[in-house]
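To keep things clear, I will list the structure first and then write my remarks on it.
The values are calculated or read from the model by the stated rules, or taken from the named source; none is laboratory data. Since we're looking at a predicted model, the values are computed, not measured. Note: ideal-geometry Cβ built from the backbone for every residue, glycine included; neighbour counts use all protein chains shown. All accessible areas refer to the heavy atoms of the entire protein, side chains included, with ligands and DNA or RNA removed. Shrake-Rupley method; radii C 1.70, N 1.55, O 1.52, S 1.80 Å.
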Amino acid sequence: MKMKKYIQSMMAFAAIVSFASCSSEDNTTIENESATKLMTFTATQEGDEQSTRAAISTDNKKVIVWKSGDQISIFDGTENNKFTLKDGAGTKSATFQGEAATTATYTAVYPYTAGANYDTSNGTVTGITLKATQAATDNSFDKEAALMIAEGDKNTLSFKNVVGYVKVKPNFDCKRIDLKAFDNSAVLAGTGTVSYNGGEPTLDLSSAPKKDYAITLQGDIKEGKYYYIAVPPVTLKAGWTIKFTASNGTVYSRKGNNDITFTRNKVIDLGEFDIDGSYWYNPRGTKVTPEQEVDLGLTINIGTKNYKVIFANANLRATLRATLTDTGLAEKETDYGDYFAWGAISVWYSSINKASSPWTITPIDGKSGGYKNANAPFYDSPTYEYTKYTIDNTLEASDDAANVILGGDWQLPTKDIWVALYKANKNTVNWGDNGNRKLETISGINGMRITKINDTDTYLFLPAAGFVTETSFKYVGSYGYYWSGSARSSGDAYCLSFNSVKSVKVNAQDNYLRRFGFSVRPVRLVAE
């Protein structure tokens with residue numbers, strides 16, 4: 001059992017491999033040097049047992065070893081050849097055998113990845129996946145997530161770690177641990193490219209067809225044991241959250257408010273976690289009660305993971321008006337709430353003057369002219385351009401009014417959430433009466449009612465609150481405009497719009513100038 005743990009602890013922290021050509025008796029008969037032949041490579045590890053990344057345990061030395069069945073991809077140019085461990089399981093030095101063409105240089109990747117390709121023009125390997133769901137192994141990690149790359153000639157090939165690791169110790173039994181960037185601003189898993197990069201490997205997941213913003217460690221996670229999560233080299237600028245799902249189903253969440261950087265070949269110890277720890281936080285925050293949440297049964301896929309979408313039952317409001325004493329949600333589902341420019345975390349008026357027609361606002365100091373370009377967040381007046389969120393970006397937590405005001409995991413819905421909810425019309429929800437997408441009236445207020453089909457007592461009501469441009473309102477009572485957290489281009493952002501006038505009643509991916517003051521309906525995502 002001891003040797004088994006040594007074997008299981010191997011791959012994430014192994015790194016240098018010597019690449020040796022085989023003796024003539026190991027080779028098949030060949031006609032010329034370019035033909036494929038049986039080759040045997042000797043693989044050794046970087047450093048000694050006291051190297052930083054090998055020190056899995058502080059109370060005894062660990063030797064990181066190869067395991068029987070380990071396989072690597074060896075590229076003789078663009079051809080991806082599978083090599084399997086032949087001898088040396090349980091040791092620091094082992095041999096891998098397979099067939100490859102004779103060439104001057106080789107590139108190798110652990111683990112073997114079918115479908116991976118080597119691009120000779122830029123020295124990158126494409127089709128390499130960092131797993132979004134990793135298997136939990138006590139005092140170790142999922143070795144299939146322990147990406148490494150090597151480069152050299154047929155005599156010497158040095159393997160280097162591509163990923164870093166996060167180390168945690170729960171002092172209670174768990175069935176899963178979820179780690180993510182707080183605001184989904186950093187990709188943590190997916191299929192991308194790796195490069196040896198002169199011995200400082202890079203991992204690029206930016207063009208992954210499916211990006212994952214969270215990593216799940218899953219399995220029989222025992223109390224008092226250390227577990228490691230393989231992570232890409234990346235900085236989580238808005239902080240991070242880690243969620244432990246105990247064996248009894250209870251969920252414990254912790255949030256780190258400071259940014260954190262995961263570094264290749266390094267381990268970050270997030271520490272020990274106890275059930276009665278003071279560091280747990282409520283994903284709902286302190287300003288929203290369970291009674292103020294609406295679950296329409298909507299789920300959304302992000303990368304390879306599914307998330308339940310929980311809606312707030314009322315619009316967002318702010319404290320900059322004298323009549324309000326607290327931030328949070330509007331008191332009633334029919335209240336209009338407040339109006340926010342895209343990326344603004346507060347409103348730009350001290351009062352709404354409803355006696356005028358149309359309504360007007362009294363701008364606060366510093367926002368003369370109200371909702372206009374010059375006041376918009378990140379707008380550069382001399383260049384007439386935005387300096388942040390230029391195209392297809394999502395608001396970071398610090399620029400998301402729902403999160404700043406409500407805390408917890410609340411955020412503006414992304415464009416994809418509004419689209420998914422609209423596509424659910426007549427399937428799991430009805431937009432308007434029997435899905436006719438027409439506005440309804442509740443307590444004298446026009447708005448869109450979205451009802452759960454199998455539970456008509458569960459519904460979302462979005463008031464047709466209109467919007468504000470500069471200092472005047474438009475379409476109050478007949479149109480609704482609800483921001484998403486998704487930028488569309490360098491000048492506008494996506495929103496949900498609906499009306500009682502036009503033939504097209506609902507547009508789940510409409511877009512308008514960021515300076516407009518629209519309503520905000522907060523949501524939060526719960527991983528399934």
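With a requirement of 1 or more residues that are closer than 25 Å to Thr428 by Cβ and modelled with pLDDT under 95, the strands (runs of 3 or more DSSP E) lying completely within segment 212-320 that satisfy it span 214-221, 251-256, 293-302, 305-312.
For segment 442-471, a residue qualifies if it is closer than 24 Å to Thr360 by Cα and among the polar types (S, T, N, Q), and the qualifying residues are Ser443, Asn446, Thr469, Thr471. You will find that of Lys225, Lys210, Lys243, Lys237, the residue that is open to solvent by 10 Å² or more (accessible area, probe 1.4 Å) and either β-branched (Val, Ile, Thr) or in contact with a Gly (Cβ under 7 Å, 6 or more places away or on another chain) (or both) is Lys210 and no other. Filtered by the rule that a residue be aliphatic (A, V, I, L, M), open to solvent by 30 Å² or more (accessible area, probe 1.4 Å) and part of a strand (DSSP E or B), segment 103-141 gives a lone residue, Ala135. Considering only residues in segment 508-528 that are surrounded by fewer than 17 Cβ atoms within 10 Å (Cβ to Cβ) and modelled with pLDDT of 95 or more, the one that is farthest from the chain's Cα centre (by Cα) turns out to be Leu513. From the list Thr95, Thr91, Thr120, the lone residue that is hydroxyl-bearing (Ser, Thr, Tyr) and touching a strand residue (DSSP E or B) at 6+ places or on another chain (Cβ under 6 Å) is Thr95.
Looking across segment 246-259, not a single residue is surrounded by 17 or more Cβ atoms within 10 Å (Cβ to Cβ) and β-branched (Val, Ile, Thr).
Restricting attention to segment 493-512, the residues being assigned to a strand (DSSP E or B) and either β-branched (Val, Ile, Thr) or within 30 Å of Ile177 (Cα to Cα) (or both) number 1. Among the residues examined, Phe96 does not qualify as assigned to a strand (DSSP E or B), at pLDDT 90 or above and not β-branched (Val, Ile, Thr). Among residues that are of a type in the set (D, E, K, R), modelled with pLDDT under 90, outside any loop (DSSP other than H, G, I, E, B) and open to solvent by 10 Å² or more (accessible area, probe 1.4 Å), Lys160 is included. Among the residues of segment 347-365, those identified as of a type in the set (Gly, Ala, Ser) and either without any contact (Cβ under 8 Å) to a residue 12 or more places away in the chain or within 10 Å of Phe473 (Cα to Cα) (or both) are Ala355, Ser356, Ser357. Screening the candidates Lys332, Lys367 for the property of being surrounded by fewer than 19 Cβ atoms within 10 Å (Cβ to Cβ) and in a loop (DSSP other than H, G, I, E, B) yields one hit, Lys332. Looking at segment 513-528, which of the residues that are assigned to a strand (DSSP E or B) and out of contact with any Lys or Arg (no Cβ under 9 Å at 6 or more places or on another chain) is farthest from Phe467 (Cα to Cα)? Filtering first and then ranking leaves Val523.
Of the residues making up segment 406-418, one or more are open to solvent by 20 Å² or more (accessible area, probe 1.4 Å) and touching an Asp or Glu at 6+ places or on another chain (Cβ under 8 Å).
Being open to solvent by less than 30 Å² (accessible area, probe 1.4 Å) and not hydroxyl-bearing (Ser, Thr, Tyr): is that true of Val504 here? So Val504 does not fit the description; no. The set of residues in segment 163-189 being part of a loop (DSSP other than H, G, I, E, B) and either open to solvent by 40 Å² or more (accessible area, probe 1.4 Å) or out of contact with any Ser or Thr (no Cβ under 9 Å at 6 or more places or on another chain) (or both) consists of Val163, Asn171, Asp173, Ser185, Leu188. Going through Glu151, Glu144 one at a time, which residue ends up being under 19 Å from Leu85 (Cα atoms), crowded, with 20+ Cβ neighbours inside 10 Å and at pLDDT below 95? Only one candidate passes the filter, namely Glu151.
I'm told Thr458 meets every condition in (1) closer than 17 Å to Gly343 by Cα; (2) surrounded by fewer than 20 Cβ atoms within 10 Å (Cβ to Cβ); (3) of a type outside the set (Asp, Glu); (4) touching a residue at least 12 places away in the same chain (Cβ under 8 Å) except one. Can you identify the failing condition by its number? If we test Thr458 against (1) closer than 17 Å to Gly343 by Cα; (2) surrounded by fewer than 20 Cβ atoms within 10 Å (Cβ to Cβ); (3) of a type outside the set (Asp, Glu); (4) touching a residue at least 12 places away in the same chain (Cβ under 8 Å), just (1) comes out false.
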